[in-house]
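Asker: Structure in structure tokens, see below.
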Amino acid sequence: MSHDPQNPSIPELPTATAQLNHTVVYATDRQLSAEFLATVLELKVGAPFGPFLPIDLGNGVTLDYYEFRDGPIQSQHYAFLVPDTRFDAMIARLEVLGVTYYADPSHTEPGRTNDLFGGHGAYFADPDGHNMEIMTRPYARP
């Protein structure tokens, strides 16, 4: 939002002032879900912080798993940019865990990866049905 000369009460803000710090991921079992993702991504689950169980993604962002049992979990999409050198190991861990991965977000191409934007990518469901994505190249934006 930039300064509006017609409304001087709205302050001018510099660009790029906001960074994602954390987001809450609902889970029926926060320990199970956090451990699952940490295993796939080669990360560690942090110490509980109030009702949250965090995974530090290493770029200043945490996923804070929160146990929610008052109704169904609404599926969300979480995409992770991962190193090329670790992608195959992540796919191998999904296979060891018995988790089907897909080349597409609609989960119609099982056991396949994609090569979008000159990298590699795959989608898989976590224990609560969140649509997780690992990719080695960020999406090319117009």
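Asker: Report those strands (runs of 3 or more DSSP E) wholly inside the stretch 50-99 carrying at least 1 residues which are charged (D, E, K, R).
Answerer: 52-56, 62-67
Asker: Let me spell it out: the conditions are (1) farther than 30 Å from Ala18 by Cβ; (2) among the polar types (S, T, N, Q); (3) without any contact (Cβ under 8 Å) to a residue 24 or more places away in the chain, and Asn59 meets all of them except one. Which number is the exception?
Answerer: Failing condition for Asn59: (1).
Asker: How many residues, within the stretch 31-47, are open to solvent by 90 Å² or more (accessible area, probe 1.4 Å) and under 11 Å from Asp126 (Cα atoms)?
Answerer: Summing the residues that are open to solvent by 90 Å² or more (accessible area, probe 1.4 Å) and under 11 Å from Asp126 (Cα atoms) in the stretch 31-47 gives 1.
Asker: Another one. Taking Thr28, is it open to solvent by 50 Å² or more (accessible area, probe 1.4 Å) and at pLDDT 95 or above?
Answerer: In short, yes.
Asker: Quick one: would you say Glu133 is open to solvent by less than 30 Å² (accessible area, probe 1.4 Å) and either among the acidic types (Asp, Glu) or closer than 14 Å to Val24 by Cα (or both)?
Answerer: yes
Asker: Condition test on Arg137, is it in contact with a helix residue (DSSP H, G or I) (Cβ under 8 Å, 6 or more places away or on another chain), assigned to a loop (DSSP other than H, G, I, E, B) and charged (D, E, K, R)?
Answerer: The answer is yes for Arg137.
Asker: So, in the stretch 58-70, exactly how many residues are buried (at least 17 other Cβ atoms within 10 Å of the Cβ) and touching a Leu at 6+ places or on another chain (Cβ under 8 Å)?
Answerer: Final tally of qualifying residues: 3.
Asker: Filter the stretch 40-49 for residues that are touching a strand residue (DSSP E or B) at 6+ places or on another chain (Cβ under 9 Å) and in a loop (DSSP other than H, G, I, E, B) and give the result.
Answerer: Result: Leu43, Lys44, Gly46, Ala47, Pro48.
Asker: In addition: So, in the stretch 87-118, how many residues would count as being touching a strand residue (DSSP E or B) at 6+ places or on another chain (Cβ under 8 Å), small (Gly, Ala, Ser), touching a residue at least 12 places away in the same chain (Cβ under 8 Å) and more than 18 Å from His77 (Cβ to Cβ)?
Answerer: Going through the stretch 87-118 one residue at a time, the tally reaches 0.
Asker: Oh, and also: Looking only at the stretch 117-134, which residues are more than 13 Å from the chain's Cα centre (by Cα) and assigned to a loop (DSSP other than H, G, I, E, B)?
Answerer: Scanning the stretch 117-134 gives Gly119, His120, Pro127, Asp128.
Asker: Next question, about the same structure. Which residues, counting only those in the stretch 118-142, are among the β-branched types (Val, Ile, Thr) and touching an Asp or Glu at 6+ places or on another chain (Cβ under 8 Å)?
Answerer: Hit for the stretch 118-142 is Thr136, nothing else.
Asker: When only residues in the stretch 74-96 that are among the β-branched types (Val, Ile, Thr) and more than 14 Å from Phe124 (Cα to Cα) count, which is nearest to the chain's Cα centre (by Cα)?
Answerer: The qualifying residue nearest to the chain's Cα centre (by Cα) is Val82.
Asker: Is it true that Gly119 is of a type outside the set (Val, Ile, Thr) and exposed (fewer than 11 other Cβ atoms within 10 Å of the Cβ)?
Answerer: No; evaluated as a whole, the condition is false for this residue.
The values are calculated or read from the model by the stated rules, or taken from the named source; none is laboratory data. As the structure is a prediction and not an experimental result, all values here were calculated from the model. Cβ: placed from backbone, ideal geometry, glycine included. Neighbour counts: every protein chain shown. Remember, those area values only see protein heavy atoms, side chains included, never the ligands or the DNA or RNA. Shrake-Rupley method; radii C 1.70, N 1.55, O 1.52, S 1.80 Å.
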